Amino acid sequence: MTVTAAQETVPSTALSTLMREGSRAEHTSAENSSFMSDLLEGRSSVERYAVFLRQLAVVYEAIESVGDALASDPVGSAVVDAALVRSAAIEADLRFIAGEDWREIPVGAAATAYASQVRETTGDPVRFVAHHYTRYLGDLSGGQAIGRILQREYGLTEGGVTFYDFPLVPKPKLYKDAYRARLDALPLDDTAKQRVVDEVKAAFALNEALFAEMAA
Ligand code: HEM
């Protein structure tokens, strides 16, 4: 039997699958970090949570300013979406929990390093996609449960948890499926896909470093 070129071609794995599979170990490790476990099991405090949110403010400022710059880029536009933007929600939560002076809460080395690595991707949209995915798909997944736990464990029932609330994403599961489909439609070769996966791992490591600093 003659084998045609098409039959010989091994279909390359979808980018979204490579990203999820490639960061599985990193995800488990982030979930089990002592800062996350303490927070989710009620052993932290609203004050500690505000310090954490202050760090996230810096990280999301970076992701969202690079996102603005790449909104019309052929690669960046696959993920950038105003419905996801978190900076205003983070600011509202910090104002609720810590008051008008929330900007005086110090920003540590880990968040500074994380934000600066994100900003470096302005000229490299393929790597930016990895940072976008790691935070927002996380917020739309485990983040949804984290918001409910924060309300229950720390009494944040009157405010302070809008970070987990995506009014423009009523069905996170459908949104994530469409997001993954857009990733998979990007015309990236295997080398570019590997760069995305490597940067997802790096993004998880930056999150873990942030958790480690929070636990210290
Ligand atoms: C205790 C903390 C966490 C819990 C309980 C948790 C839980 C989950 C769960 C259940 C999913 C699967 C959702 C689905 O099938 O649609 C998920 C997906 C995800 N999580 Fe987490 N997570 C946690 C922490 C994190 C952290 C710290 C990050 C990164 C900063 C993260 C990033 C992601 C990403 C990117 C996905 C999407 C995976 C994919 O489908 O491609 N998660 N998480």
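The values are calculated or read from the model by the stated rules, or taken from the named source; none is laboratory data. Predicted, not measured: the structure shown is a model, and the values here were computed from it. Because the Cβ atoms are built from the backbone with ideal geometry, glycine has one as well, and the counts that use them run over all protein chains shown. The area values use the complete protein model at the heavy-atom level, side chains included, leaving out ligands, DNA and RNA. Shrake-Rupley method; radii C 1.70, N 1.55, O 1.52, S 1.80 Å.
Over the chain, dividing the summed -39,500 (n - 2.57) contributions of all DSSP H runs of at least 4 residues by the number of residues returns a 222 nm mean residue ellipticity of -21000 deg cm²/dmol. Could you identify which residue out of LEU94, LEU168, LEU84 has the top mean-square fluctuation in a GNM of the chain using Cα springs shorter than 10 Å? Comparing LEU94, LEU168, LEU84 in a Gaussian network model of the chain, the most mobile one is LEU168.
Basic side chains Lys and Arg get +1 at the Cβ, acidic Asp and Glu get -1 at the Cβ, and with that the dipole of region 132-216 about its Cα centre reaches some 300 debye. Under a model in which nothing but the beta-carbon of Lys, Arg (+1) and Asp, Glu (-1) is charged, the chain shows a dipole of about 420 debye around its Cα centre.
Solvent-accessible area per residue in region 1-121 equals 51 Å², computed with a 1.4 angstrom probe and all protein chains kept.
The GluC sites (Glu not before Pro) of region 6-85 that meet both conditions, a loop assignment by DSSP and at most 11 other Cβ atoms within 10 Å of the site Cβ, are GLU41. Here the Gaussian network model covers the chain, with springs between Cα atoms less than 10 Å apart; of ALA111, ALA185, ALA98, ALA185 fluctuates the most. Ranking LEU84, TYR175, LEU188 by Cα position along the charge dipole of region 40-215, where only Lys, Arg, Asp and Glu carry charges on their C-beta atoms, puts TYR175 farthest toward the positive end. When a 1.4 Å probe is rolled over the protein heavy atoms, the share of accessible surface on region 40-215 that falls to carbon and sulfur comes to 54 percent.
Checking every one of the GluC sites (Glu not before Pro) in region 73-164 against DSSP loop status and a limit of 12 other Cβ atoms within 10 Å picks out GLU100, GLU158. For the pair region 152-208 and region 92-107, the centres of their Cα atoms are 24 angstrom apart.
For region 20-65, applying the loop criterion from DSSP together with a ceiling of 15 other beta carbons within 10 Å to the trypsin sites (Lys or Arg not before Pro) yields ARG43.
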